[in-house]
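Quick notes on the structure that follows.
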Amino acid sequence: MTEPFSFKLLQTDGAARRGEIVTPHGRVQTPAFMPVGTAGTVKGLDADTVRATGAEIVLGNTYHLMLRPGAERIAELGGLHTFMNWPGPILTDSGGFQVMSLSELRKIDEKAVTFRSHIDGAMVALSPERAIEIQNLLGSDIVMQLDECLKLPATLADIERAMRLSLRWAERCKRAFDGAAPGRALFGIVQGGDDSVLRAQSAGALANVGFDGYAIGGLAVGEPQHVMLRVVEDTVPLLPAERPRYLMGVGTPRDLLESVARGIDIFDCVLPTRNGRHGAVFTRRGPVNLDNARHRDDSRPLDDQSPYETTRTYSRAYLHHLVRVNEMLGPMLLSAINLAYYQELMAGMRDAIARGRFAEFRAQTREGWQKGDLPPL
(Lines give C-alpha, C1' and ligand atoms only; values in the text may rest on other atoms or scores of the structure.)
Protein backbone atom coordinates (compact mmCIF):
# COMPACT_ATOMS: atom_id res chain seq x y z
CA MET A 1 0.00 0.00 0.00
CA THR A 2 1.42 3.36 -1.00
CA GLU A 3 -0.51 6.51 -1.88
CA PRO A 4 -4.16 7.02 -0.86
CA PHE A 5 -6.92 7.55 -3.39
CA SER A 6 -7.13 10.89 -5.15
CA PHE A 7 -8.20 12.36 -8.47
CA LYS A 8 -6.59 15.25 -10.28
CA LEU A 9 -8.14 16.94 -13.29
CA LEU A 10 -5.27 17.80 -15.61
CA GLN A 11 -6.87 19.25 -18.74
CA THR A 12 -10.27 19.84 -20.28
CA ASP A 13 -11.28 20.31 -23.90
CA GLY A 14 -14.94 21.17 -24.10
CA ALA A 15 -16.65 18.65 -21.83
CA ALA A 16 -13.89 16.05 -22.40
CA ARG A 17 -11.51 15.63 -19.46
CA ARG A 18 -8.03 14.27 -18.95
CA GLY A 19 -7.06 13.33 -15.41
CA GLU A 20 -5.16 11.01 -13.12
CA ILE A 21 -6.46 8.70 -10.43
CA VAL A 22 -4.08 7.72 -7.65
CA THR A 23 -4.79 4.51 -5.72
CA PRO A 24 -2.86 2.44 -3.18
CA HIS A 25 -1.81 0.11 -6.01
CA GLY A 26 -0.83 2.65 -8.63
CA ARG A 27 -2.00 5.41 -10.92
CA VAL A 28 -4.58 5.41 -13.69
CA GLN A 29 -4.60 7.92 -16.53
CA THR A 30 -8.09 8.98 -17.57
CA PRO A 31 -10.11 8.61 -19.71
CA ALA A 32 -9.54 4.95 -18.86
CA PHE A 33 -11.00 1.62 -19.90
CA MET A 34 -11.07 -1.29 -17.44
CA PRO A 35 -10.96 -4.86 -18.77
CA VAL A 36 -13.55 -6.99 -17.00
CA GLY A 37 -12.13 -9.72 -14.78
CA THR A 38 -15.40 -10.91 -13.26
CA ALA A 39 -14.16 -14.04 -11.51
CA GLY A 40 -10.62 -12.85 -10.81
CA THR A 41 -9.41 -13.15 -14.40
CA VAL A 42 -9.89 -11.40 -17.71
CA LYS A 43 -11.15 -14.41 -19.65
CA GLY A 44 -8.36 -16.28 -21.43
CA LEU A 45 -5.63 -13.74 -20.63
CA ASP A 46 -2.90 -13.73 -18.01
CA ALA A 47 -2.08 -10.58 -16.10
CA ASP A 48 1.06 -9.83 -18.11
CA THR A 49 -0.90 -9.91 -21.38
CA VAL A 50 -3.59 -7.63 -19.97
CA ARG A 51 -0.91 -5.20 -18.82
CA ALA A 52 0.80 -5.36 -22.24
CA THR A 53 -2.40 -4.18 -23.93
CA GLY A 54 -2.04 -0.92 -22.00
CA ALA A 55 -4.56 -1.55 -19.22
CA GLU A 56 -3.77 0.10 -15.89
CA ILE A 57 -6.82 -1.04 -13.90
CA VAL A 58 -9.14 -4.06 -14.04
CA LEU A 59 -12.58 -4.86 -12.68
CA GLY A 60 -13.64 -7.74 -10.46
CA ASN A 61 -17.13 -8.74 -9.34
CA THR A 62 -18.39 -9.03 -5.78
CA TYR A 63 -21.21 -11.47 -6.48
CA HIS A 64 -19.15 -14.02 -8.41
CA LEU A 65 -16.13 -13.88 -6.09
CA MET A 66 -18.45 -14.15 -3.09
CA LEU A 67 -19.67 -17.50 -4.42
CA ARG A 68 -16.36 -18.84 -5.67
CA PRO A 69 -13.83 -19.03 -4.13
CA GLY A 70 -15.27 -16.82 -1.35
CA ALA A 71 -14.15 -13.43 -0.10
CA GLU A 72 -12.81 -14.77 3.18
CA ARG A 73 -10.69 -17.33 1.35
CA ILE A 74 -9.26 -14.67 -0.98
CA ALA A 75 -8.44 -12.51 2.05
CA GLU A 76 -6.63 -15.41 3.71
CA LEU A 77 -4.63 -15.90 0.50
CA GLY A 78 -3.42 -12.32 0.50
CA GLY A 79 -6.25 -10.41 -1.19
CA LEU A 80 -7.45 -10.21 -4.76
CA HIS A 81 -4.32 -8.46 -6.11
CA THR A 82 -2.10 -11.31 -4.92
CA PHE A 83 -4.64 -13.99 -5.75
CA MET A 84 -4.92 -12.99 -9.43
CA ASN A 85 -1.34 -11.74 -9.75
CA TRP A 86 -2.44 -8.23 -10.72
CA PRO A 87 -0.28 -5.59 -9.01
CA GLY A 88 -2.23 -2.59 -10.31
CA PRO A 89 -5.50 -1.00 -9.18
CA ILE A 90 -8.71 -3.03 -9.00
CA LEU A 91 -12.29 -1.76 -8.97
CA THR A 92 -14.98 -4.18 -7.84
CA ASP A 93 -18.60 -4.04 -8.96
CA SER A 94 -20.88 -4.54 -5.98
CA GLY A 95 -23.25 -7.07 -7.53
CA GLY A 96 -25.92 -4.59 -8.63
CA PHE A 97 -25.71 -5.76 -12.22
CA GLN A 98 -26.50 -9.31 -11.10
CA VAL A 99 -29.66 -7.94 -9.48
CA MET A 100 -30.80 -7.41 -13.08
CA SER A 101 -29.05 -10.22 -14.96
CA LEU A 102 -30.08 -12.89 -12.43
CA SER A 103 -33.57 -11.50 -11.84
CA GLU A 104 -35.14 -14.97 -11.97
CA LEU A 105 -32.86 -16.14 -9.16
CA ARG A 106 -33.24 -13.32 -6.65
CA LYS A 107 -35.62 -11.48 -4.36
CA ILE A 108 -35.21 -7.89 -3.18
CA ASP A 109 -36.38 -6.23 -0.01
CA GLU A 110 -35.25 -3.21 1.96
CA LYS A 111 -32.64 -5.19 3.83
CA ALA A 112 -30.84 -7.05 1.05
CA VAL A 113 -30.90 -9.00 -2.20
CA THR A 114 -31.29 -12.74 -1.68
CA PHE A 115 -29.91 -14.84 -4.53
CA ARG A 116 -30.35 -18.49 -5.31
CA SER A 117 -26.82 -19.35 -6.42
CA HIS A 118 -26.62 -20.10 -10.14
CA ILE A 119 -23.92 -22.65 -9.23
CA ASP A 120 -25.50 -24.92 -6.64
CA GLY A 121 -28.83 -23.36 -5.70
CA ALA A 122 -27.72 -22.26 -2.23
CA MET A 123 -29.41 -19.14 -0.84
CA VAL A 124 -27.05 -16.20 -0.29
CA ALA A 125 -27.89 -12.71 0.94
CA LEU A 126 -26.13 -9.59 -0.26
CA SER A 127 -26.91 -6.51 1.81
CA PRO A 128 -25.24 -3.12 1.40
CA GLU A 129 -23.14 -3.86 4.48
CA ARG A 130 -22.12 -7.32 3.23
CA ALA A 131 -21.24 -5.92 -0.20
CA ILE A 132 -18.85 -3.46 1.42
CA GLU A 133 -17.44 -6.15 3.71
CA ILE A 134 -16.73 -8.45 0.75
CA GLN A 135 -15.02 -5.72 -1.25
CA ASN A 136 -12.90 -4.79 1.77
CA LEU A 137 -11.91 -8.44 2.18
CA LEU A 138 -10.93 -8.53 -1.50
CA GLY A 139 -8.78 -5.44 -0.97
CA SER A 140 -10.40 -3.40 -3.75
CA ASP A 141 -8.90 -0.01 -4.47
CA ILE A 142 -12.27 1.31 -5.64
CA VAL A 143 -15.39 -0.06 -3.95
CA MET A 144 -18.87 0.34 -5.45
CA GLN A 145 -22.09 0.80 -3.50
CA LEU A 146 -24.75 -1.88 -3.82
CA ASP A 147 -27.59 -0.70 -6.06
CA GLU A 148 -30.57 -2.05 -7.96
CA CYS A 149 -30.02 -2.03 -11.72
CA LEU A 150 -33.15 -2.27 -13.90
CA LYS A 151 -33.40 -3.44 -17.48
CA LEU A 152 -34.91 -0.86 -19.83
CA PRO A 153 -37.58 -0.17 -20.84
CA ALA A 154 -39.27 -0.09 -17.45
CA THR A 155 -42.22 1.77 -15.97
CA LEU A 156 -41.57 5.11 -14.34
CA ALA A 157 -42.86 3.71 -11.05
CA ASP A 158 -40.37 0.84 -11.11
CA ILE A 159 -37.52 3.15 -12.09
CA GLU A 160 -38.28 5.52 -9.22
CA ARG A 161 -38.65 2.69 -6.70
CA ALA A 162 -35.27 1.20 -7.69
CA MET A 163 -33.60 4.63 -7.67
CA ARG A 164 -34.83 5.46 -4.18
CA LEU A 165 -33.88 2.02 -2.84
CA SER A 166 -30.41 2.51 -4.35
CA LEU A 167 -30.13 5.88 -2.56
CA ARG A 168 -31.00 4.32 0.79
CA TRP A 169 -28.49 1.58 0.14
CA ALA A 170 -25.89 4.20 -0.81
CA GLU A 171 -26.22 5.77 2.63
CA ARG A 172 -25.84 2.38 4.30
CA CYS A 173 -22.79 1.61 2.15
CA LYS A 174 -21.23 4.92 3.14
CA ARG A 175 -21.66 4.15 6.83
CA ALA A 176 -20.31 0.61 6.39
CA PHE A 177 -17.29 1.92 4.47
CA ASP A 178 -16.23 4.24 7.28
CA GLY A 179 -14.22 1.41 8.82
CA ALA A 180 -12.39 0.48 5.60
CA ALA A 181 -8.62 0.41 5.31
CA PRO A 182 -7.25 3.89 4.67
CA GLY A 183 -6.53 4.98 1.14
CA ARG A 184 -9.35 3.19 -0.66
CA ALA A 185 -12.31 4.84 -2.38
CA LEU A 186 -16.08 4.38 -2.39
CA PHE A 187 -18.15 5.35 -5.44
CA GLY A 188 -21.86 6.10 -5.45
CA ILE A 189 -24.04 5.02 -8.38
CA VAL A 190 -26.56 7.32 -10.03
CA GLN A 191 -29.74 5.49 -11.03
CA GLY A 192 -32.98 6.69 -12.59
CA GLY A 193 -33.30 4.74 -15.83
CA ASP A 194 -33.98 6.89 -18.87
CA ASP A 195 -35.74 9.63 -16.89
CA SER A 196 -33.64 12.79 -16.56
CA VAL A 197 -35.64 14.13 -13.61
CA LEU A 198 -35.03 10.99 -11.56
CA ARG A 199 -31.37 10.97 -12.63
CA ALA A 200 -31.03 14.55 -11.36
CA GLN A 201 -32.62 13.64 -8.04
CA SER A 202 -30.30 10.66 -7.66
CA ALA A 203 -27.19 12.65 -8.56
CA GLY A 204 -28.07 15.46 -6.16
CA ALA A 205 -28.76 13.10 -3.26
CA LEU A 206 -25.53 11.17 -3.81
CA ALA A 207 -23.50 14.38 -3.97
CA ASN A 208 -25.00 15.38 -0.63
CA VAL A 209 -23.95 12.06 0.91
CA GLY A 210 -20.43 12.58 -0.44
CA PHE A 211 -18.44 9.91 -2.31
CA ASP A 212 -14.92 9.64 -3.69
CA GLY A 213 -16.31 9.18 -7.20
CA TYR A 214 -19.63 8.86 -8.98
CA ALA A 215 -20.84 6.22 -11.43
CA ILE A 216 -23.73 6.35 -13.85
CA GLY A 217 -25.35 2.93 -13.70
CA GLY A 218 -28.35 1.34 -15.35
CA LEU A 219 -27.41 2.19 -18.95
CA ALA A 220 -26.57 -0.04 -21.91
CA VAL A 221 -29.32 -2.31 -20.57
CA GLY A 222 -31.70 -2.26 -23.51
CA GLU A 223 -32.09 1.40 -24.42
CA PRO A 224 -30.96 2.87 -27.79
CA GLN A 225 -27.57 4.59 -27.92
CA HIS A 226 -29.09 8.05 -28.37
CA VAL A 227 -31.06 7.60 -25.16
CA MET A 228 -27.95 6.51 -23.28
CA LEU A 229 -26.00 9.52 -24.53
CA ARG A 230 -28.84 11.88 -23.67
CA VAL A 231 -28.93 10.56 -20.10
CA VAL A 232 -25.13 10.91 -19.83
CA GLU A 233 -25.26 14.46 -21.20
CA ASP A 234 -28.00 15.43 -18.75
CA THR A 235 -26.41 13.75 -15.73
CA VAL A 236 -22.71 14.60 -15.99
CA PRO A 237 -23.08 18.34 -15.24
CA LEU A 238 -24.84 17.45 -11.98
CA LEU A 239 -21.86 15.47 -10.66
CA PRO A 240 -19.01 17.09 -8.71
CA ALA A 241 -16.38 18.20 -11.24
CA GLU A 242 -13.51 17.38 -8.88
CA ARG A 243 -14.48 13.69 -8.67
CA PRO A 244 -14.05 10.94 -11.30
CA ARG A 245 -17.08 9.91 -13.35
CA TYR A 246 -17.58 6.26 -14.26
CA LEU A 247 -20.05 5.03 -16.90
CA MET A 248 -20.73 1.41 -15.97
CA GLY A 249 -20.87 -1.43 -18.49
CA VAL A 250 -20.24 0.71 -21.59
CA GLY A 251 -19.50 -0.11 -24.34
CA THR A 252 -18.60 0.01 -28.05
CA PRO A 253 -15.72 2.19 -29.26
CA ARG A 254 -18.31 4.70 -30.47
CA ASP A 255 -19.96 4.70 -27.03
CA LEU A 256 -16.60 5.46 -25.42
CA LEU A 257 -15.73 8.26 -27.84
CA GLU A 258 -19.11 9.96 -27.50
CA SER A 259 -19.23 9.54 -23.72
CA VAL A 260 -15.77 11.05 -23.24
CA ALA A 261 -17.02 13.98 -25.33
CA ARG A 262 -19.73 14.37 -22.66
CA GLY A 263 -17.36 14.26 -19.68
CA ILE A 264 -16.98 10.60 -18.65
CA ASP A 265 -13.63 9.45 -17.19
CA ILE A 266 -13.85 5.67 -16.65
CA PHE A 267 -15.44 2.74 -18.49
CA ASP A 268 -15.73 -1.03 -18.32
CA CYS A 269 -17.34 -3.53 -20.65
CA VAL A 270 -17.16 -7.23 -21.56
CA LEU A 271 -17.55 -6.39 -25.26
CA PRO A 272 -13.88 -6.49 -26.35
CA THR A 273 -13.19 -9.88 -24.81
CA ARG A 274 -16.63 -11.35 -25.55
CA ASN A 275 -16.43 -10.33 -29.20
CA GLY A 276 -12.87 -11.60 -29.42
CA ARG A 277 -14.02 -15.03 -28.26
CA HIS A 278 -16.42 -15.08 -31.21
CA GLY A 279 -14.01 -14.01 -33.92
CA ALA A 280 -14.90 -10.31 -34.06
CA VAL A 281 -12.30 -7.58 -33.60
CA PHE A 282 -12.32 -3.80 -33.39
CA THR A 283 -9.86 -1.74 -35.44
CA ARG A 284 -9.34 1.90 -36.40
CA ARG A 285 -11.18 1.07 -39.64
CA GLY A 286 -14.16 -0.42 -37.87
CA PRO A 287 -15.12 -3.98 -36.88
CA VAL A 288 -13.73 -7.04 -38.64
CA ASN A 289 -15.29 -10.53 -38.61
CA LEU A 290 -12.47 -13.04 -38.86
CA ASP A 291 -14.88 -15.92 -39.32
CA ASN A 292 -15.54 -14.54 -42.81
CA ALA A 293 -14.04 -16.67 -45.59
CA ARG A 294 -12.54 -13.62 -47.32
CA HIS A 295 -9.68 -13.69 -44.80
CA ARG A 296 -8.54 -17.27 -45.44
CA ASP A 297 -5.83 -16.36 -47.99
CA ASP A 298 -5.01 -12.89 -46.64
CA SER A 299 -1.41 -12.68 -45.45
CA ARG A 300 -1.78 -9.11 -44.19
CA PRO A 301 -2.04 -8.27 -40.49
CA LEU A 302 -5.18 -6.70 -39.09
CA ASP A 303 -3.45 -3.33 -38.82
CA ASP A 304 0.21 -2.76 -39.63
CA GLN A 305 0.04 0.64 -37.87
CA SER A 306 -1.18 -0.68 -34.53
CA PRO A 307 1.10 -0.06 -31.53
CA TYR A 308 0.25 -3.58 -30.30
CA GLU A 309 2.63 -6.16 -31.69
CA THR A 310 0.12 -9.00 -31.96
CA THR A 311 -2.14 -6.87 -34.16
CA ARG A 312 0.79 -6.12 -36.48
CA THR A 313 2.34 -9.57 -36.73
CA TYR A 314 -0.30 -12.32 -36.99
CA SER A 315 -1.83 -12.66 -40.45
CA ARG A 316 -5.56 -12.48 -41.07
CA ALA A 317 -5.33 -15.93 -42.65
CA TYR A 318 -3.87 -17.42 -39.49
CA LEU A 319 -6.37 -15.69 -37.20
CA HIS A 320 -9.20 -16.87 -39.49
CA HIS A 321 -7.82 -20.40 -39.31
CA LEU A 322 -7.76 -20.33 -35.49
CA VAL A 323 -11.38 -19.17 -35.40
CA ARG A 324 -12.55 -21.80 -37.89
CA VAL A 325 -10.88 -24.74 -36.13
CA ASN A 326 -11.96 -23.53 -32.67
CA GLU A 327 -8.38 -23.42 -31.48
CA MET A 328 -8.20 -21.83 -28.02
CA LEU A 329 -5.36 -19.55 -29.11
CA GLY A 330 -7.79 -17.70 -31.39
CA PRO A 331 -10.01 -16.21 -28.65
CA MET A 332 -6.91 -15.44 -26.58
CA LEU A 333 -5.22 -13.47 -29.37
CA LEU A 334 -8.38 -11.71 -30.49
CA SER A 335 -9.37 -10.75 -26.95
CA ALA A 336 -5.95 -9.19 -26.44
CA ILE A 337 -6.12 -7.43 -29.82
CA ASN A 338 -9.49 -5.93 -28.89
CA LEU A 339 -8.32 -4.77 -25.47
CA ALA A 340 -5.25 -3.23 -27.07
CA TYR A 341 -7.44 -1.33 -29.53
CA TYR A 342 -9.61 -0.02 -26.69
CA GLN A 343 -6.48 1.14 -24.85
CA GLU A 344 -5.13 2.72 -28.04
CA LEU A 345 -8.42 4.61 -28.41
CA MET A 346 -8.27 5.83 -24.81
CA ALA A 347 -4.63 6.92 -25.18
CA GLY A 348 -5.53 8.80 -28.35
CA MET A 349 -8.31 10.62 -26.55
CA ARG A 350 -6.05 11.52 -23.63
CA ASP A 351 -3.43 12.93 -25.98
CA ALA A 352 -6.02 14.88 -27.99
CA ILE A 353 -7.52 16.43 -24.85
CA ALA A 354 -4.06 17.41 -23.62
CA ARG A 355 -3.37 19.18 -26.93
CA GLY A 356 -6.79 20.82 -27.13
CA ARG A 357 -7.64 18.84 -30.28
CA PHE A 358 -10.31 16.46 -29.08
CA ALA A 359 -12.92 17.58 -31.63
CA GLU A 360 -10.45 16.90 -34.44
CA PHE A 361 -9.53 13.50 -33.02
CA ARG A 362 -13.21 12.62 -32.62
CA ALA A 363 -13.96 13.51 -36.23
CA GLN A 364 -10.92 11.64 -37.60
CA THR A 365 -11.71 8.55 -35.53
CA ARG A 366 -15.31 8.41 -36.75
CA GLU A 367 -14.13 8.93 -40.32
CA GLY A 368 -11.73 5.99 -39.96
CA TRP A 369 -14.52 3.71 -38.74
CA GLN A 370 -16.71 4.74 -41.66
CA LYS A 371 -14.04 3.76 -44.19
CA GLY A 372 -14.47 0.14 -43.22
CA ASP A 373 -11.98 -2.69 -43.28
CA LEU A 374 -9.28 -3.02 -45.91
CA PRO A 375 -10.57 -4.67 -49.11
CA PRO A 376 -9.53 -8.28 -49.77
CA LEU A 377 -6.27 -8.92 -51.62
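Name the residues of segment 41-77 whose amide N is less than 13 Å from a point 7 angstrom out from the Cα of residue 328 along the C-beta direction? Zone members listed by number: 44-46. Scaled against the 2.2 N^0.38 Å expected of a compact globular protein of N residues, the Cα radius of gyration of the chain reads 0.97.
Kindly identify segment 213-340 as rounded, prolate or oblate by the Cα gyration tensor criterion: order the square roots of the eigenvalues as a ≥ b ≥ c, call it rounded if a/c is under 1.5, otherwise compare a/b with b/c, prolate if a/b is larger, else oblate. Verdict is prolate for segment 213-340. Taking 0.36 nm per residue of sequence separation and removing the Cα-Cα distance, the residue 270/residue 233 pair yields an extension gain of 11.0 nm.
Bridges between two residues of the chain, per DSSP, are antiparallel at a rate of about 55%.
Couplings 3J(HN,Hα) for segment 144-154, derived from phi with the Karplus relation 6.51 cos²θ - 1.76 cosθ + 1.60 (θ = phi - 60°), are 9, 5, 7, 9, 10, 9, 9, 7, 9, x, 9 Hz, where x marks Gly and Pro.
Ligands, DNA and RNA left out, the 1.4 Å accessible surface of segment 1-89 is 49% carbon and sulfur atoms.
Model label sites at residue 68 and residue 110, defined 7 Å from Cα along the beta-carbon direction, differ in position by 3.7 nm.
Once all Cα-Cα distances of segment 14-128 are split into 10 Å bins that start at 0, what whole-number percent is in each one? All Cα pairs, binned at 10 Å, distribute as 12, 38, 30, 17, 2, 0 percent. Sparsely packed loop sites in segment 50-143 (the GluC sites (Glu not before Pro) outside DSSP H, G, I, E and B with at most 14 other Cβ atoms within 10 Å) comprise 110. Shown is the FRET efficiency for residue 20 and residue 366, computed with R0 = 22 Å from the Cβ-Cβ distance and rounded to the nearest 0.05: 0.25.
Close amide-amide hydrogen proximity is noted between residue 216 and 190, 246, 247, 248, each under 5 Å apart and 5 or more residues distant or on a separate chain (H modeled in the peptide plane; Pro and chain starts excluded). A 1.4 Å probe run over segment 223-377, with the rest of the protein chains in place, finds 44 Å² accessible per residue. Return the FRET efficiency for the residue pair residue 46, residue 208: r is the Cβ-Cβ distance, R0 is 41 Å, and the value is rounded to the nearest 0.05. Efficiency at R0 = 41 Å is approximately 0.45.
Of the DSSP H helices in the chain, those with a Cα length along their own long axis of 30 Å or more and a mean Kyte-Doolittle hydropathy reaching 0.0 comprise 329-354.
Other residues whose C-beta falls under 10 angstrom from the C-beta of residue 232 contribute a net charge of 0, scoring Lys and Arg +1 and Asp and Glu -1.
Relative intensity of segment 268-377 on a log10 scale, I(q)/I(0) at q = 0.11, 0.14, 0.23, 0.24 Å⁻¹, equals -0.35, -0.55, -1.28, -1.37, per a Debye sum over C-alpha point scatterers of equal strength in the absence of solvent.
The values are calculated or read from the model by the stated rules, or taken from the named source; none is laboratory data. What you see is a predicted model, and the numbers here were worked out from it, not measured in a lab. Cβ: placed from backbone, ideal geometry, glycine included. Neighbour counts: every protein chain shown. These area figures cover heavy atoms from the full protein model, side chains too; ligands, DNA and RNA do not enter into them. Shrake-Rupley method; radii C 1.70, N 1.55, O 1.52, S 1.80 Å.
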